[in-house]
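Taking it in order: structure first as structure tokens, then the write-up.
The values are calculated or read from the model by the stated rules, or taken from the named source; none is laboratory data. The shown structure was predicted, so the numbers you read here are calculated from the model rather than taken from an experiment. Reconstructed Cβ throughout: ideal geometry from the backbone, glycine too, with neighbour counts over all protein chains shown.
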Amino acid sequence: MNFPSELKYTKDHEWVRVEGNEAFVGITDFAQRELGDIVYIDINSVGEEVSKDDVFGTVEAVKTVSDLFMPVTATVLEINAALNDNPELVNSDPYGEGWMVKVTLSDLAEVEGLLTAEAYQALVGA
């Protein structure tokens, strides 16, 4: 499994890549493996401020539907439009082309409370 060190992680298996006061959010390699083949992503929170730990959408796999939790309080700027036609990007490239949303961070300090790659790896027992 892959645990990029430049990312921050949550216990709910989301990752955050911060770029200034904006960030990209997606689900981890561990999460996509647990879910299996992803067939649909439902996110309709563009333009909304979503509080830390609140649901910002769902991901549907062949066998289950799972909520997506916002790792930090942020306003959703953009949904990865490529996922509309290719939700399997989350399976093949969860940290790259498979990102879910781009957000503006409300409080950059919240990022510091997230897990490091090492701490997340220990959490999932990898």
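Observations on the structure shown:
- Meets criteria (in contact with an Asp or Glu (Cβ under 8 Å, 6 or more places away or on another chain), modelled with pLDDT of 95 or more, within 20 Å of L114 (Cα to Cα) and crowded, with 21+ Cβ neighbours inside 10 Å) for A74: yes
- Comparison of D67, D29 shows that the only residue that is on the phi < 0 side of the Ramachandran plot, surrounded by 14 or more Cβ atoms within 10 Å (Cβ to Cβ) and among the acidic types (D, E) is D29.
- Candidates are the residues of the range 18-42 that are closer than 13 Å to V103 by Cα and in contact (Cβ under 8 Å) with a residue 12 or more places away in the chain; the one that is farthest from the chain's Cα centre (by Cα) is N21.
- Some residue of the range 108-115 being more than 16 Å from S5 (Cα to Cα), in a loop (DSSP other than H, G, I, E, B), among the hydrophobic types (A, V, I, L, M, F, W, C) and at pLDDT 95 or above: no
- Extreme residue, surrounded by the fewest Cβ atoms within 10 Å (Cβ to Cβ), among residues of the range 37-53 that are part of a strand (DSSP E or B) and charged (D, E, K, R): D42
Residues checked against (1) β-branched (V, I, T); (2) within 23 Å of P4 (Cβ to Cβ); (3) in contact with a strand residue (DSSP E or B) (Cβ under 8 Å, 6 or more places away or on another chain); (4) at pLDDT 95 or above:
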{"residue": "M70", "(1), (2), (3), (4)": "no, yes, yes, yes"}
{"residue": "M100", "(1), (2), (3), (4)": "no, yes, yes, yes"}
{"residue": "T104", "(1), (2), (3), (4)": "yes, yes, yes, yes"}
{"residue": "E118", "(1), (2), (3), (4)": "no, yes, no, yes"}
{"residue": "A122", "(1), (2), (3), (4)": "no, yes, no, yes"}
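- Positions within the range 81-106 being surrounded by 13 or more Cβ atoms within 10 Å (Cβ to Cβ) and part of a loop (DSSP other than H, G, I, E, B), in sequence order: N86, P87, E88, D93, P94, Y95, E97, G98, W99, M100, S106
- Check on E34, farther than 19 Å from M1 by Cβ and surrounded by fewer than 22 Cβ atoms within 10 Å (Cβ to Cβ): no
- Search result, residues across the range 6-25 that are part of a strand (DSSP E or B) and touching a helix residue (DSSP H, G or I) at 6+ places or on another chain (Cβ under 7 Å): K8, Y9, V16, V18
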